[in-house]
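See structure below.
The values are calculated or read from the model by the stated rules, or taken from the named source; none is laboratory data. None of the values given here were measured: they were computed from a predicted structure. Virtual Cβ from ideal backbone geometry, glycine too; neighbours counted across all protein chains shown. For the accessible areas, the whole protein counts, side chains as well, though only heavy atoms, and no ligand, DNA or RNA atoms are used. Shrake-Rupley method; radii C 1.70, N 1.55, O 1.52, S 1.80 Å.
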Amino acid sequence: MVDSIKLLDITEQNAEEIAEHWARDVQKNKRTTRYQNLKKEKLVVYAVDFYRNLRNLLVPENRLEFTREYFQKYAKKCHEMGLPLQESIYALVLMRRHMWLYADFQAIFMDALEHNQAIDSIMRIMLMMDYAVYEITQYYLENTK
């Protein structure tokens with residue numbers, strides 16, 4: 001995967017704006033009701049961190065180890081805040097969705113090469129999200145009695 005994949009570049013460059021949209025959505029979504037009690041500013045920080053770490057989750061050779069560590073920390077944070085497993089996972093799904101919605105809204109993928117790079121990015125992100133769901137679930141199972 002090329003380091004300058006447009007989706008990752010756009011996401012990193014616009015992390016705060018995308019995170020703001022996500023925070024508003026996660027606080028009003030009926031599937032993430034526990035997020036309504038959290039401060040929006042805190043949520044934005046969490047989402048910005050995800051968007052800025054996305055390249056590290058997808059590109060380097062040690063990405064599997066980084067992904068495991070990153071989502072174990074994500075799960076620990078969510079668990080400590082008292083967020084149910086299903087809400088912490090769905091909030092992550094919404095982070096992914098807002099990243100794609102932003103890119104789609106900006107109409108950044110114009111030519112065939114960019115389109116193919118976008119598909120490659122999306123496939124890698126979906127795989128990374130599969131790992132994330134596994135790690136988050138594993139953390140909750142080990143730490144919820």
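Things to note:
- Over the chain, relative contact order from alpha-carbon pairs under 8 Å, at least 6 apart, %: 34 percent
- In this calculation the C-beta distance from L101 to E65 is compared with R0 = 30 Å, giving a FRET efficiency of 0.50.
- Remark: segment 34-95 carries a charge dipole of roughly 180 debye about the Cα centre, counting +1 on each Lys and Arg Cβ and -1 on each Asp and Glu Cβ.
- Among the protein heavy atoms of the chain, carbon and sulfur supply 53% of the accessible surface, probe 1.4 Å, non-protein parts ignored.
- Shape class of the chain from the Cα gyration tensor (axes a ≥ b ≥ c, square roots of the eigenvalues): oblate, since a/c reaches 1.5 or more and a/b does not exceed b/c.
- Charge dipole magnitude, Cβ of K and R +1, D and E -1 - the chain, Cα centre, debye nearest 20: 800 debye
- Accessible area (Å², per residue) of the chain, counting only protein heavy atoms and a probe of 1.4 Å: 56 Å²
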